[in-house]
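A short reminder: the numbers here are calculations on the coordinates, not readings from a lab. Note that the structure is predicted; figures quoted are calculated from it, not measured. Cβ sites come from the backbone with ideal geometry, for glycine too, and all protein chains shown count toward neighbours.
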Amino acid sequence: SLVIALLMPLLGSIADVQGMKIKFFLGFFGTGVVTCCAMALPLTWLPFLVVYILATIGLNGSLTFYDSMLIDTTPNERMDKVSSHGYGWGYIGSTVPFIVCIALIFGGPALPFGWTTTGCTRASFIITAVWWVAFTIPLISSYRQEHYRATRDQLGTAVRGTFRELGGTFRKIVRNKPLWMFMLAFFFYIDAVNTVISMSTSYGAELGIDSTQLVVALLVTQFVAFPCAILYGRMAGRFGCKAMIVAAVVAYMCIVFFAAFFLVSAAQFWILAILVGMFQGGIQALSRSYYGKIIPKDHANEYYGFYDIFGKTASILGTFLVATTTSITGNASLGVLSIAILLVLALIFLLLQKDPTQA
């Protein structure tokens, strides 16, 4: 994630040139698919770790270019709906290979075919790669880059020009107060959101929930996120995209408060999973679409590269706050509650920001 966060503004600037976005997407997509298949090989821990890192780079890199494709596929007035449907169907679609792979790993060895748990686990990587390819083909065959810079230079000239573009873009962001205020708000609230997600499993384990139930809880979150993300897109059309983002930030404050003071049993953990699912997809989808509306369309990849720096490094502050507060106070509840600091900061920036989409 850190590698992608550092590379994306640079690569994004190059990809803003006509016809380059799909090429960069295919490069990262291909890297991800090939290395995902490679994880099915009988590797020792070090080669497997290298392959895993490459697969993660391929996935995260392709997603950055995928996010920036939003501005090419739909006008501003439909962007919230399209982004929300993308996240919603992505949540429900991802459960299919996940369920198949989990069933194969846990149930495969019991079948009379001589399958082992290790063999079934390796096969799961192949299933995942095939699913990835199958549902990327429609995008590859239909996507057209509508917004771009027409300049095409030699590689050396292009790279030098890219660094100049990056400097210019950074200065433009600094001068664009509504944009940088949203980016700061996004950094704080997405860090809090990702911290809640990443800490949920450890919290569940402390409550005595076994690994099987944690997997089911993850599926519940995905299933709940599907309709709620789509509903969020519709509500954004009625109440405004920024207003719904603010509502989600407030909702996450309530979730953090619930987790800090009321999460003491397995039943309450299931409530937490449902609450997270209700707002997780919505805040992610509308953040992507809102950002797409307020950036220059012909520099979308470059701007989404900066957006990715905030998204890919998220949960660092939240994890640090939780660990530090818990260590100082000796109170885990106060540690969890400290996540609310990030949400309060995000809310302040959102409320102070002048919404350029309403101008």
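The table below gives the values:
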read-out: From phi via Karplus (6.51, -1.76, 1.60), per-residue ³J(HN,Hα) for region 140-146 in Hz, x at Gly/Pro; value: 4, 6, 10, 6, 9, 7, 8
read-out: Relative contact order (percent, whole number), region 1-125, Cα cutoff 8 Å, 6+ residue spacing; value: 25
read-out: Calculated Cα extents along the principal axes in Å (choose from (1) 66, 42, 35; (2) 87, 59, 42; (3) 59, 48, 39), label; value: (3)
read-out: Listed residues VAL336, VAL34, VAL276, most fluctuating in the chain (Gaussian network, C-alpha, under 10 Å); value: VAL34
read-out: GNM top mover of ALA300, ALA267, ALA38 - the chain, alpha-carbon springs below 10 Å; value: ALA267
read-out: Cα-based shape type of region 1-118, given that a ≥ b ≥ c are square roots of the gyration tensor eigenvalues and the cut on a/c is 1.5; value: oblate
read-out: Phi-based couplings in Hz for region 296-305 (Karplus 6.51, -1.76, 1.60; Gly and Pro marked x); value: x, 5, 7, 10, 4, 4, 5, 5, 5, x
read-out: Cβ-Cβ FRET estimate between PHE261 and PHE48, R0 fixed at 51 Å, reported to 0.05; value: 0.80
read-out: VAL17 long-range amide H proximity, modeled H, under 5 Å; value: ARG149
read-out: Max mean-square fluctuation residue, GNM over the chain, Cα-Cα springs under 10 Å, options SER84, SER13, SER327; value: SER327
read-out: Ranked packing of 205-213, 16-24, most packed first, by mean Cβ within 10 Å; value: 16-24, 205-213
read-out: Estimated inter-spin distance, VAL130 and ILE99, nm [label 7 Å along Cα→Cβ]; value: 1.8
read-out: Fewest-first ranking of SER265, SER62, using other Cβ atoms within 10 Å as the exposure measure; value: SER265, SER62
read-out: Cα centroid separation, region 53-129 to region 164-237 (Å); value: 18
read-out: Helix-only mean residue ellipticity at 222 nm for the chain, each DSSP H run of n ≥ 4 adding -39500 (n - 2.57), per residue, nearest 500; value: -28000 deg cm²/dmol
read-out: Backbone HN-Hα couplings from phi across region 334-341 [Karplus 6.51/-1.76/1.60, Hz, Gly and Pro as x]; value: 5, x, 5, 4, 4, 4, 4, 4
read-out: Exposure proxy order (Cβ contacts within 10 Å, fewest to most) of TYR66, TYR143, TYR91, TYR189; value: TYR143, TYR66, TYR91, TYR189
read-out: Whichever lysines have a C-alpha closer than 28 Å to that of LYS23, once near sequence neighbours (fewer than 8 apart) are set aside; value: LYS81, LYS172, LYS293, LYS297, LYS312
read-out: Global geometry of region 315-359, whether rounded, prolate or oblate, following the gyration tensor of its Cα atoms and the 1.5 cut on a/c; value: prolate
read-out: Separation in nanometres of the label points that stand 7 Å from Cα toward Cβ, at VAL250 and ILE137; value: 4.7
